[in-house]
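The values are calculated or read from the model by the stated rules, or taken from the named source; none is laboratory data. Bear in mind the structure is a predicted one, so any value in this text is a computation, not a measurement. Neighbour counts run over all protein chains shown; Cβ positions are idealised from the backbone, glycine included.
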């Protein structure tokens with residue numbers, strides 16, 4: 001997302017009535033930016049391997065059907081981790097052969113549905129693998145096992161999935177585990193994939209590559225033991241970290257792919273098909289949300305701007321601001337970038353607890369009622385994953401395309417309508433008011 005496109009979109013959102021007193025928060029997605037990110041991902045891997053590559057978007061990063069349809073149009077599939085995410089991918093028109101099911105808690109019904117549809121499945125543990133034994137023969141689904149290479153974590157513990165005690169996959173360095181995985185493949189000729197995912201935000205590239213190197217080495221070991229290339233596809237997961245400090249995209253898909261080629265060359269020599277499962281890195285830079293400043297005040301000599309965007313859209317930032325700091329851009333009530341000397345101030349949300357802050361002690365031009373703040377780099381995991389504190393409504397989401405230099409040349413497309421009060425009441429048992437009396 002370029003800064004110029006963002007400025008155009010902010011002005012247009014105000015002039016075209018997307019952000020109003022009645023709808024004081026709105027989320028925007030840069031359509032051209034999303035397409036450019038998808039193109040960059042495809043090109044990055046095409047530059048380092050001639051083997052087939054399925055890029056499967058991690059649906060949890062943006063469970064929005066129009067977004068999945070847009071990515072599908074760009075040749076990007078879907079990685080799903082629940083029946084709901086699978087339903088979204090199918091509603092978006094993603095074909096079964098471009099969907100991958102990963103989850104540590106798949107029910108028999110989920111497995112049966114996936115195998116009936118021909119969706120790829122990565123078994124998380126030996127018990128799940130035993131369930132697949134009864135159904136695997138005859139399915140069109142590509143089947144594999146997820147392993148935990150146990151190469152270590154990153155700076156955000158909750159997102160580190162390759163630690164010694166991670167709940168995901170079969171832990172390769174536990175006593176006897178590696179041999180058991182090899183045996184599982186030799187006993188099951190229909191297992192043709194191997195999967196790992198070392199983590200997400202906060203994981204350094206070197207650690208991600210360590211995990212990929214481990215799984216590639218295991219694939220080589222299994223194929224040697226089988227005397228044939230039983231494993232034909234390696235799923236290297238996703239998790240490319242996003243730079244939240246500036247507009248720069250860093251690291252890039254191209255940098256990651258080139259490092260893989262340099263450090264795990266056998267992965268990319270054409271013998272193995274690949275699957276990737278990127279999420280945040282495809283969308284974060286291509287979205288932001290806008291919120292009106294309702295009131296301003298001073299407390300303890302600290303200016304505070306109270307907005308309508310807080311924990312309901314920025315849950316991770318509010319509860320763990322050190323790990324998830326957000327950049328805030330200030331605009332006036334006409335949508336022009338706000339000028340003036342920076343003043344250290346808080347940008348607060350509407351929820352009823354003291355920590356509901358988008359930013360604390362942030363130097364910005366002094367905000368006033370009616371101004372607008374933009375929370376940047378929030379195209380993934382923020383407004384798409386609503387948190388219902390205080391029964392605050394889900395915000396409306398719009399895609400935008402900038403087709404000229406004027407505000408009326410910005411075209412908005414509704415992605416998800418804002419939640420109504422009637423919908424909040426209905427999902428909170430409004431039709432069952434007397435059920436406990």
*residue 307 being farther than 27 Å from residue 100 by Cα and either under 18 Å from the mean Cα position of the chain (by Cα) or surrounded by fewer than 21 Cβ atoms within 10 Å (Cβ to Cβ) (or both)*: no
*Would it be correct to say that residue 141 is assigned by TED's automatic domain parsing to the domain that holds residue 197, closer than 15 Å to residue 237 by Cβ, free of Cβ contacts under 8 Å to residues at least 60 places away in the same chain and assigned to a loop (DSSP other than H, G, I, E, B)?*
no
*Residue check for residue 282: surrounded by fewer than 23 Cβ atoms within 10 Å (Cβ to Cβ) and farther than 27 Å from residue 343 by Cα*: no
_With the requirement that a residue be surrounded by fewer than 20 Cβ atoms within 10 Å (Cβ to Cβ) and within 25 Å of the chain's Cα centre (by Cα), what does region 179-206 give you?_
202, 204, 205, 206
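Which residues, counting only those in region 225-260, are within 24 Å of residue 141 (Cα to Cα) and either in contact with a strand residue (DSSP E or B) (Cβ under 8 Å, 6 or more places away or on another chain) or without any contact (Cβ under 8 Å) to a residue 40 or more places away in the chain (or both)?
Of everything in region 225-260, those that are within 24 Å of residue 141 (Cα to Cα) and either in contact with a strand residue (DSSP E or B) (Cβ under 8 Å, 6 or more places away or on another chain) or without any contact (Cβ under 8 Å) to a residue 40 or more places away in the chain (or both) turn out to be 227, 228, 230, 231, 232, 233, 234, 235, 236, 237, 238.
Does residue 343 satisfy being modelled with pLDDT of 95 or more and more than 23 Å from residue 285 (Cα to Cα)?
Details: modelled with pLDDT of 95 or more: yes; more than 23 Å from residue 285 (Cα to Cα): yes.
Here the answer is yes, as residue 343 does meet what is asked.
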*For residues that are within 21 Å of residue 167 (Cβ to Cβ) and in a loop (DSSP other than H, G, I, E, B), scanning just region 107-138, find the one that is nearest to the chain's Cα centre (by Cα).*
124
*Taking the stated definitions as given, is residue 166 surrounded by fewer than 20 Cβ atoms within 10 Å (Cβ to Cβ), within 24 Å of the chain's Cα centre (by Cα) and within 14 Å of residue 240 (Cα to Cα)?*
no
*Restrict the check to region 156-164 and report whether at least one residue is assigned by TED's automatic domain parsing to the domain that holds residue 115, at pLDDT below 85 and closer than 17 Å to residue 127 by Cα.*
no
_Out of the residues in region 95-106 meeting the condition of being out of contact with any helix residue (DSSP H, G or I) (no Cβ under 8 Å at 6 or more places or on another chain) and not in a loop (DSSP other than H, G, I, E, B), tell me which one is surrounded by the fewest Cβ atoms within 10 Å (Cβ to Cβ)._
97
_Go through region 382-414 and report how many residues are over 24 Å from residue 334 (Cβ atoms) and surrounded by fewer than 23 Cβ atoms within 10 Å (Cβ to Cβ)._
10
*What is the number of the single condition among (1) assigned to a loop (DSSP other than H, G, I, E, B); (2) without any contact (Cβ under 8 Å) to a residue 24 or more places away in the chain; (3) within 30 Å of residue 3 (Cα to Cα) that residue 411 does not meet?*
(1)
_Index of the failed condition, residue 15 passing every other in (1) surrounded by 21 or more Cβ atoms within 10 Å (Cβ to Cβ); (2) touching a helix residue (DSSP H, G or I) at 6+ places or on another chain (Cβ under 6 Å)_ = (1)
_If the requirement is being farther than 30 Å from residue 214 by Cβ and either in the same structural domain as residue 78 (by TED's automatic domain parsing) or assigned to a helix (DSSP H, G or I) (or both), which of these qualifies: 318, 344, 293, 306?_
318
*What's the number of the condition residue 352 fails, among (1) part of a loop (DSSP other than H, G, I, E, B); (2) within 27 Å of residue 203 (Cα to Cα); (3) touching a helix residue (DSSP H, G or I) at 6+ places or on another chain (Cβ under 9 Å)?*
(2)
